[in-house]
Amino acid sequence: MTAPTTDNADSARSSLEALRAEIGKAVVGQDPAVTGLVVALLCRGHVLLEGAPGVAKTLLVRALAASLALETKRVQFTPDLMPSDVTGSLVYDTRTSEFSFQQGPVFTNLLLADEINRTPPKTQSSLLEAMEERQVAVDGTPRRLPDPFLVAATQNPVEYEGTYPLPEAQLDRFLLKLTVPLPSRADEISVLTRHADGFDPRDLAAAGLRAVAGSADLEAARTAVSKTSVSPEITGYVVDICRTTRESPSLRLGASPRGATALLSTARAWAWLTGRDYVIPDDVKTLALPTLRHRIQLRPEAEMEGVTADSVITAILAHVPVPR
């Protein structure tokens, strides 16, 4: 593949900036979550969106797909959902007397896994191979998934009845965990005003959303991100942050080397999005919370004292020396 020129990279950056603005036509006041989804696309990663019901988690993913001209499919995770309902299965064809593979919804560019923690671990694990290996193996035959491929999963943090917490192995497959908060008063007024003016979240085309970036822009952007330079001092800074999580008295599980790799990747993507071809410490700090918050586990006594994953990471960022 021919490396993109500077003009191509700049054009791709402009397209992704337009993408963030386009999503804003449908979703109000969730800029950090929008940016996180773009970063995940650049890093070929997956995203876990956590927020209370009604804060536009599903709408956010649908708006992303509409603005990117990507194929998207949605799966509502329920307690009776089977793995084959996600990955697909072999179906007997009476006309040919042979079995043929019927693709599941995972064969798409953008899979919205709605309320992923409402389905049992067996079905949750059906996504593991797809998320990590970008393939699905059925009856011993591997089948490649499309590129780009991103899983955007949502979960509700306030309801625990009838839910199955995601295991550590599943959480580790998500590049980012983005919190989708309740909007501010001004943003909520803007949401209601839009609805009063006729906005229909089920009809994004009528809301004016259009595709402003495509797979070529995404590929050019990914190549440019891979060329974003990282100094040895920044690499050491990322390692020091992750090693400090393993020594924290508030944690029983710190960030693994996979977490350090993820933090470096997301920091590079953010640096490129902001117009630089090199990473600075502030890039690492900006992406530390969404990249690491789901990769650490609190000790029970720390939880009882009101300590949170975010507060631990924030304290570590304040403690670890910043390279000059």
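Of note:
- With each label modelled as a point 7 angstrom along the Cα→C-beta vector, the N156-D31 pair spans 3.0 nm.
- Carbon/sulfur fraction of accessible area - segment 238-324, other protein chains in place, 1.4 Å, %: 54 percent
- Charge-dipole axis of the chain as Lys and Arg at +1 and Asp and Glu at -1 on Cβ define it, positive-most pick from A40, M131, G236: G236
- Per residue accessible area of segment 130-289, 1.4 Å probe, in Å²: 51 Å²
- Expressed to the nearest 5 percent, the antiparallel share of DSSP beta bridges inside the chain is 40 percent.
- Karplus 3J(HN,Hα) series, Hz, for segment 187-199 with 6.51 cos²θ - 1.76 cosθ + 1.60 (x for Gly, Pro): 5, 5, 4, 5, 4, 5, 5, 4, 5, 5, 8, x, 5
- Under-5 Å amide H pairs with G29, H placed in peptide plane, nonlocal only: none
- Toward the positive end of the charge dipole of segment 36-192, with +1 on the Cβ of Lys and Arg and -1 on the Cβ of Asp and Glu, the farthest Cα among P121, V55, S89 is that of V55.
- Considering only L176, S215, L204, and ranking their Cα positions along the charge dipole of segment 170-217 that arises from unit charges at the beta-carbon of Lys, Arg, Asp and Glu, the one farthest toward the positive end is L176.
- DSSP beta bridges confined to segment 87-240 are antiparallel in about 70 percent of cases.
- Once backbone amide H atoms are built at 1.01 Å from N, V138 has R143 as its partners under 5 Å, excluding neighbours fewer than 5 places away on the same chain.
- With contacts taken as Cα pairs under 8 Å and at least 6 residues apart, segment 1-150 reaches a relative contact order of 21 percent.
- Residue separation of A207 and E188 scaled by 0.36 nm, minus their Cα-Cα distance, works out to 5.1 nm of gained length.
- The gain in end-to-end length when the E17 to D93 segment is fully stretched comes to 22.6 nm, 0.36 nm per residue minus the alpha carbon separation.
- Answer label for Cα extents along the principal axes in Å (calculated), chosen among [x] 69, 49, 47; [y] 61, 42, 42; [z] 48, 42, 41: [x]
- Mean residue ellipticity, 222 nm, helices only, the chain: the sum of -39500 (n - 2.57) across DSSP H runs of n ≥ 4, divided by residue count and rounded to 500, is -13500 deg cm²/dmol.
- Residue separation of S311 and M82 scaled by 0.36 nm, minus their Cα-Cα distance, works out to 78.7 nm of gained length.
- For the peptides 260-272, 226-238, 184-196, the ranking by packing is 260-272, 226-238, 184-196, with the highest mean count of neighbouring Cβ atoms within 10 Å listed first.
- Sites T223 and S256 - FRET efficiency at Förster radius 41 Å, r taken between beta-carbons, to 0.05: 0.90
- Amide H contacts of L251 (H built 1.01 Å from N, in plane; Pro and chain starts excluded): R299 sit under 5 Å, all sequence-distant by 5 or more or on other chains.
- Along segment 131-138 the Karplus relation, 6.51 cos²θ - 1.76 cosθ + 1.60 evaluated at θ = phi - 60°, assigns HN-Hα couplings of 6, 8, 9, 6, 8, 10, 10, 10 Hz to successive residues, with x for each Gly and Pro.
- With the highest mean first, a sort of the peptides 90-99, 197-206 on other beta-carbon atoms found within 10 angstrom per residue produces 197-206, 90-99.
- Under the criterion of Cα pairs below 8 Å and six or more residues apart, the relative contact order for the chain equals 22 percent.
- Using θ = phi - 60° and Karplus 6.51 cos²θ - 1.76 cosθ + 1.60, couplings along segment 85-93 (whole Hz; Gly, Pro as x): 5, 9, 8, x, 7, 7, 10, 7, 9
- Nitroxide proxy distance, nm - points 7 Å out along Cα→Cβ at D10 and Y278: 2.0 nm
- About its Cα centre, the dipole of the chain is roughly 420 debye, where the only charges are +1 on Lys and Arg Cβ and -1 on Asp and Glu Cβ.
The values are calculated or read from the model by the stated rules, or taken from the named source; none is laboratory data. Keep in mind it's a predicted model, so treat the numbers as computed, not measured. In this analysis, Cβ positions are derived from the backbone assuming ideal geometry, glycine residues included, and neighbour counts consider all displayed protein chains. To get the accessible areas, we keep the full protein, side chains included, count just its heavy atoms, and leave off ligands, DNA and RNA. Shrake-Rupley method; radii C 1.70, N 1.55, O 1.52, S 1.80 Å.
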